[in-house]
1. Confirm whether residue 185 is surrounded by 13 or more Cβ atoms within 10 Å (Cβ to Cβ), farther than 30 Å from residue 43 by Cβ and outside the structural domain of residue 86 (by TED's automatic domain parsing).
2. Output the residues belonging to region 114-126 that are surrounded by fewer than 22 Cβ atoms within 10 Å (Cβ to Cβ) and touching a residue at least 12 places away in the same chain (Cβ under 8 Å).
3. Being in contact with a helix residue (DSSP H, G or I) (Cβ under 7 Å, 6 or more places away or on another chain) and at pLDDT below 95 is true for just one of 301, 345. Which residue is that?
4. Please determine, by comparing only the residues of region 498-519 that are outside any helix (DSSP H, G or I) and touching a helix residue (DSSP H, G or I) at 6+ places or on another chain (Cβ under 7 Å), which one is surrounded by the fewest Cβ atoms within 10 Å (Cβ to Cβ).
5. Only one of these conditions is not met by residue 150: (1) within 19 Å of residue 370 (Cβ to Cβ); (2) touching a strand residue (DSSP E or B) at 6+ places or on another chain (Cβ under 7 Å). Which number is it?
6. Can you tell me how many residues in region 314-326 are under 25 Å from residue 239 (Cβ atoms) and surrounded by 24 or more Cβ atoms within 10 Å (Cβ to Cβ)?
7. Out of curiosity, is residue 506 under 27 Å from residue 95 (Cα atoms) and either outside the structural domain of residue 401 (by TED's automatic domain parsing) or without any contact (Cβ under 8 Å) to a residue 40 or more places away in the chain (or both)?
C-alpha cells in the first residue's frame, strides 16, 4: 500500500486458520427478517454538530440558563449547568442540565428542557421533588463520611477522595449529604471506583454504586479489515476524533504504549501477536464511531468530535472489558490463559456505549436505571454488529456467543428470551431492580428484540430465535433501524439519571412520537413491545 502523509486506511492481516472467511467490511449493510426501514420524520432527526458547533450551542444555553431556570419554576437558590445540547432538524432544542442548590451539586437533580422553534417548552426531570434543605451545614464531618465510605467496601487496596458536600435527591426527599469516591481493585482484577453517598446529618449510608461499567464480549475475529492509522504507522485514527489504541502490556494503570509499527500491516489473527487484539479493538471503535455518526447523527461519544481511546492487554488473563469515565477510555483483557482477548465488534460497541450513556442520560449503575444502562450497551453494541455487515462476524441478538464462557457453546445473554441464561429476567416485575445490572437489563433487551423483530419463531443470519410475550400477545417488529433510532432519541433527550422501566416506556413513546408521529405504526409498536414485557 502506498504510504500517505494524511490519515489513511490500513489493512490488517489475519491467519487463515482462524478465519471462516476473509471479508472486507461493507459499512451500513444490514440483514434480517424485519429490516425494512420506516420513513423517518425528518424534522425530529438530531443534527450532527461539529465540535465547535456543539461548544457554541452549550455556551449559548449556559448564557440563558438563569432565565431558563426562572421560566421552569426553579427557586432563587438553584442554578442550572449545561451538560449537553441536542438540536433537531425542525429547530427543537433539547438541553440537558445538572442542577446546583446554594452552590452545591444536586445529585439526581438533572433535567432536560425541550424547546420547540415556536417557543413552546416542556421539561423532563430526574426528580419532581422540590429541592430544599433546612441547612447546608453538615452535622457529620467530611472525614467521618470518608472513613465510613472506606469501611463499607470489600475491595482491595482502597483509597478515598475527600468527601464532597452535595444535595442527594435521587431517591426521595432531598437531603444534605457527603459524596465520596472510593478507588481500589475488584476481586476479578477490574478497577473499582465506588460512589458512596452519606447523610450529612445522620451519618447513614444513602447510596453506593460501582462506577466502572463492565461488559463481557467475544473473541470473534472480523477477518481482513481496514483500519484508520497515521502516516507514521501508529494506531491513531485522525478521521475519527483521533482515536488511539495503546498496549498496557499486562499493566493495570496508566495509558500504556501507543501501538507503532514499521509496516502497514497489523496482527496476524493469533492472540500471541500483540497487534491482533489492538487491531480488533481499533476496528471496533471505528465501526462504533461511524455508527454513531451515520445512524444516530452524533459526532463521537460526547458529540464534540473528540474520541475516547482504547487500551488492550490489561492485567494477566483478565476475562472482562470495561468503560471508565475517569480516563474516558475502553479497556480490554486477554481472557482465559491470555488467549481470548475480548476485543470483538460488539464488545467495542458495548463499552463505547457506556460512555455515550454517561454523556447523555447518565443512567445510574444500580437498580432499574443500571439495568437500562447495561441494556443500552447491549442494544447499541448489537446494532453496531449488524451495521458492520461483516461476513465473518454477522450480526445477531446473542451477547458473548463466541467466548464460550459456559464451556458448552452457549452465549452469555440472549435478547429474544433473556431467561435462557438462567439469571436474566424476561419481563419486568417489582423485583427486577434488585438483580445484578447485567440481569436486570433482560426486560429492556427483550423489548428491543420484540420492537425490532417481533415475537415468535424466526431465523436471522442463520440463528433461530423464539421470543415469547408476557401476556401471550403477538408483536410485529418495525426493524432494528427504527428501533435503535427510537432508543437513542429516548436516551439522548428524554431519559435522566434516575429513569426506570416505567420512565423508559414514556421516554421511548415520546421519541417515537417525535420521529414518526403519535399513533403511527412505530409508536403503537413501542407501546405493544413494552406491554409484552409487562411494562404498562
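1. Details: surrounded by 13 or more Cβ atoms within 10 Å (Cβ to Cβ): yes; farther than 30 Å from residue 43 by Cβ: yes; outside the structural domain of residue 86 (by TED's automatic domain parsing): yes.
When the stated conditions are applied, residue 185 passes them.
2. Within region 114-126, 114, 115, 116, 117, 121, 123, 124, 125 qualify.
3. Working: 301 fails: at pLDDT below 95.
Of the residues listed, the single one that is in contact with a helix residue (DSSP H, G or I) (Cβ under 7 Å, 6 or more places away or on another chain) and at pLDDT below 95 is 345.
4. Filtering region 498-519 for residues outside any helix (DSSP H, G or I) gives 498-500, 517-519.
Subsequent filtering for residues that are touching a helix residue (DSSP H, G or I) at 6+ places or on another chain (Cβ under 7 Å) retains 498-500, 517.
On the way: 498: 23, 499: 25, 500: 20, 517: 13.
Out of the qualifying residues, it is 517.
5. Status for residue 150: all satisfied but (1).
6. Total meeting the criteria: 2.
7. Details: under 27 Å from residue 95 (Cα atoms): yes; either outside the structural domain of residue 401 (by TED's automatic domain parsing) or without any contact (Cβ under 8 Å) to a residue 40 or more places away in the chain (or both): yes.
When the stated conditions are applied, residue 506 passes them.
Table: residues versus (1) out of contact with any helix residue (DSSP H, G or I) (no Cβ under 6 Å at 6 or more places or on another chain); (2) surrounded by 24 or more Cβ atoms within 10 Å (Cβ to Cβ).
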site: 376; (1), (2): no, yes
site: 380; (1), (2): no, yes
site: 388; (1), (2): no, yes
site: 419; (1), (2): yes, no
site: 425; (1), (2): no, no
site: 436; (1), (2): yes, no
site: 449; (1), (2): yes, yes
site: 458; (1), (2): yes, no
site: 469; (1), (2): no, no
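The values are calculated or read from the model by the stated rules, or taken from the named source; none is laboratory data. Predicted model, so just to flag it, every value in this text is computed and none were measured. Counting neighbours? That spans all protein chains shown, and the Cβs are built from the backbone with ideal geometry, glycine included.
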